[in-house]
Amino acid sequence: KQEVTQIPAALSVPEGENLVLNCSFTDSAIYNLQWFRQDPGKGLTSLLLIQSSQREQTSGRLNASLDKSSGRSTLYIAASQPGDSATYLCAVTPANQAGTALIFGKGTTLSVSS
Amino acid sequence: EPEVTQTPSHQVTQMGQEVILRCVPISNHLYFYWYRQILGQKVEFLVSFYNNEISEKSEIFDDQFSVERPDGSNFTLKIRSTKLEDSAMYFCASSRDEGNTIYFGEGSWLTVV
């Protein structure tokens, strides 16, 4: 059964710092991996989608990498800002299921202080 | 930018009552989903829907739950005979195709008392 783990559970950094959030998954057979942002009491905003054949995706100050064979992904945030404060969720779509269900990690709660 | 919209944003219901949560997916999307998040826990998959039928469902999605696309725009989740443990944020989501980005709504917070 696919399990997704995110480390650390919480992270506090000063504004301007570059940071890395980690995601690991137990079964390397995935269709894709998606990173989301969740603000308190709100919905999920998609940040980046990496297909299983890709190694990384970039959007603005965000860069996500995927190492499928080792079951790892990282989300790199450059020059962090207070507005980046949120919970970041990693989710995978298993390749061994006939469907499109996402399996989520519990998230990393990021706090960026000014 | 197109978005998934959900109503109501918050509903309080008595144990044993039926609840219908409504969603309008993004208009050109073909796959629709319901997920839930119990406070402090992971987001969990409930069901996916494609071509007017359920394509996949989790163990959580038992006979208490049902989904429907009553017209060309709405997608609903019905929870019969609600229990205290059904209290959660329920998210509707949609995607254009398999393997594409999945877009989530703002959620419907259900409180069962």
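The values are calculated or read from the model by the stated rules, or taken from the named source; none is laboratory data. Since this is a predicted model, take the numbers as computed values, not measurements. Reconstructed Cβ throughout: ideal geometry from the backbone, glycine too, with neighbour counts over all protein chains shown. Please note that ligands, DNA and RNA were not included when accessible areas were found on the heavy atoms of the full protein model with its side chains. Shrake-Rupley method; radii C 1.70, N 1.55, O 1.52, S 1.80 Å.
Tabulated data for the structure shown
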read-out	value
Charge dipole (debye, nearest 20) of chain B; +1 at Cβ of Lys and Arg, -1 at Cβ of Asp and Glu	220
Electrostatic dipole magnitude of chain A [Cβ: Lys, Arg +1; Asp, Glu -1; Cα centre; debye, to 20]	220
Carbon/sulfur fraction of accessible area - chain A, other protein chains in place, 1.4 Å, %	48
Residue-averaged beta-carbon neighbours from other chains (10 angstrom radius) around A:26-33	1
Loop-resident sites, the stretch A:7-114, for trypsin sites (Lys or Arg not before Pro), counting at most 13 other Cβ within 10 Å (DSSP)	A:R55, A:R61
For chain B, accessible area per residue (1.4 Å probe, heavy atoms of protein chains only), Å²	51
1.4 Å probe accessible area per residue over the stretch A:1-63, in Å²	53
Farthest toward positive dipole pole in chain A [+1 Lys/Arg, -1 Asp/Glu at C-beta], among A:S59, A:P14, A:I77	A:S59
Minimum 40 Å² accessible area buried by the other protein chains, the stretch B:83-108 residues, probe 1.4 Å, relative to alone	B:G99, B:T101, B:I102, B:F104, B:E106
Shielding score for A:106-114, defined as the mean number of other chain Cβ atoms within 10 Å	1
Chains A and B, summed buried accessible surface - 1.4 Å probe, Å², nearest 100	1700
Antiparallel DSSP beta bridges within chain A, as percent of all bridges there, nearest 5	90
Relative packing of peptides A:19-29, B:86-96, B:50-60 - highest average C-beta neighbours within 10 Å first	B:86-96, A:19-29, B:50-60
Percentage relative contact order, chain B, counting C-alpha pairs under 8 Å, at least six apart	39
Rounded to 5, the percent of DSSP beta bridges in the protein assembly as shown classed as antiparallel	90
Rel. contact order, % - alpha carbon contacts under 8 angstrom, at least six apart, chain A	37
Only Lys, Arg (+1) and Asp, Glu (-1) charged, at Cβ; the protein assembly as shown dipole about Cα centre in debye	180
